[in-house]
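Single-structure report; data block below.
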Amino acid sequence: MTEAVKRANYLRKRVYWWLERPDRAATGPWVLELALIALITLNVAAVILETVDSIYDRWGVALNLFEGLSLFVFVVEYAARLWVATENPNYKTRASWAVSPIAIIDLLAILPALLYLLFPVDLRLLRTFRMLRLLKLTRYSPALGMLLAVFEEEAGAFFAGFFILMVMLIFAASGAWLAEHEAQPEAFGSIPAAMWWAMATLTTVGYGDVTPVTVAGKIFGAAITVIGIGMAALPAGIIASGLNDQLHRRRASLESEFRKALVDGDICEADEKEIDAVRKQLGLSRRAADHIRNRVHAETMSQVDRCSTCGQPKNQSDNP
């Protein structure tokens, strides 16, 4: 291995250390993380303020300059994360990282602005798509990361639910068209036109701008409304079940850390720091961690072989 390759490998490891923060106790990466969070938040605030004409007319130049600076930072960040992706044990190649959900979010944060530089796009549309940068906070928020993990793991269940919704949408629109197309040709003149009513009813939104007027249409609409209650609850149930599963896994991970630290019978200061870093990474509260600690400690103490005379652990009672 040449000296240049060694330097490149060392630099890549350092950049990975700064960006991905494998050492949760390190101050430098923590400050960089806070700076990126602040930049993302300011970008979202800038997009919101740009929609106010009086603010944009007065501060448009400054806002555009800030957007250019932000775009440069986000492009450099994306390129750097792509370069160091192979340092992450979860990704064997850079391509595998590039198709991961968090990498796609990073790409979507810069893609609209890059497209604007290449193609003439409505600037107002560009401002709207810049709101996607808010999703970058998923990387720094354990709660949002947990939700993203649920979507990733339950993709099959969500697809099945979406497929059922599409089938029910076509069925509901077809039934509404059969019952109402003669009485209301302007609203139910075709199956595609009836899909607006079907979607509003199945999702239990019920705007009320289109409603059945015939007896058959009202009976059919009532049945679709009842079915829609179950359809609306389906994705909510999937998300709730997935979040509960994720929370149990994270608590189990923290419990495993406590059990490792208690192998020697006590948790030292170094163990405390490591466990607290894991707790923050998993997004668990101190109260939850204390509850897990007390339970594991009680279980560990109950398994200690004690002296029948003094009640002390035998390894302590043997001491003079």
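The values are calculated or read from the model by the stated rules, or taken from the named source; none is laboratory data. None of these values were measured; they are calculated from a predicted model. Every residue, glycine among them, receives a Cβ derived from its backbone with ideal geometry; neighbour counts consider all protein chains shown. Accessible surface is based on the protein model in full, side chains and every heavy atom, while ligands, DNA and RNA are left aside. Shrake-Rupley method; radii C 1.70, N 1.55, O 1.52, S 1.80 Å.
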Among (1) assigned to a helix (DSSP H, G or I); (2) open to solvent by 50 Å² or more (accessible area, probe 1.4 Å) - the single one Gly145 does not satisfy: (2)
Looking only at the stretch 85-119, and only at residues there that are open to solvent by less than 60 Å² (accessible area, probe 1.4 Å) and not in a helix (DSSP H, G or I), the one that is nearest to Thr41 (Cα to Cα): Ser100
Residue check, Gly206 at pLDDT below 90, at positive phi and more than 35 Å from the chain's Cα centre (by Cα): no
Residue within the stretch 224-236 that is modelled with pLDDT of 90 or more, over 30 Å from Pro142 (Cβ atoms) and not in a helix (DSSP H, G or I) present: no
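The rows are residues; the columns are (1) more than 24 Å from the chain's Cα centre (by Cα); (2) open to solvent by 40 Å² or more (accessible area, probe 1.4 Å); (3) under 21 Å from Leu137 (Cβ atoms).
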{"site": "Ile48", "(1), (2), (3)": "no, yes, yes"}
{"site": "Ile55", "(1), (2), (3)": "yes, yes, no"}
{"site": "Ala62", "(1), (2), (3)": "yes, yes, no"}
{"site": "Leu65", "(1), (2), (3)": "yes, yes, no"}
{"site": "Glu77", "(1), (2), (3)": "no, no, yes"}
{"site": "Leu82", "(1), (2), (3)": "no, yes, yes"}
Yes/no for Ser253 being at negative phi, loosely packed, with under 14 Cβ neighbours inside 10 Å and out of contact with any His (no Cβ under 6 Å at 6 or more places or on another chain): no
Residue in the stretch 179-192 that is most open to solvent (accessible area, probe 1.4 Å), counting only those that are without any contact (Cβ under 8 Å) to a residue 12 or more places away in the chain and in a helix (DSSP H, G or I): Glu186
Pick from the stretch 278-298, criterion surrounded by 16 or more Cβ atoms within 10 Å (Cβ to Cβ) and among the hydrophobic types (A, V, I, L, M, F, W, C), ranking: farthest from Thr138 (Cα to Cα): Val296
Selection status of Phe151, part of a helix (DSSP H, G or I), open to solvent by 80 Å² or more (accessible area, probe 1.4 Å) and in contact (Cβ under 8 Å) with a residue 40 or more places away in the chain: yes
Test for Arg58: is it basic (Lys, Arg), at pLDDT 90 or above and within 23 Å of Leu117 (Cβ to Cβ): no
Answer residue from the stretch 161-178, given it is in contact with a Leu (Cβ under 9 Å, 6 or more places away or on another chain) and surrounded by fewer than 17 Cβ atoms within 10 Å (Cβ to Cβ) and is nearest to Ile227 (Cα to Cα) among those: Ile164
Flag for Ala222 being aliphatic (A, V, I, L, M) and farther than 30 Å from Gly189 by Cβ: no
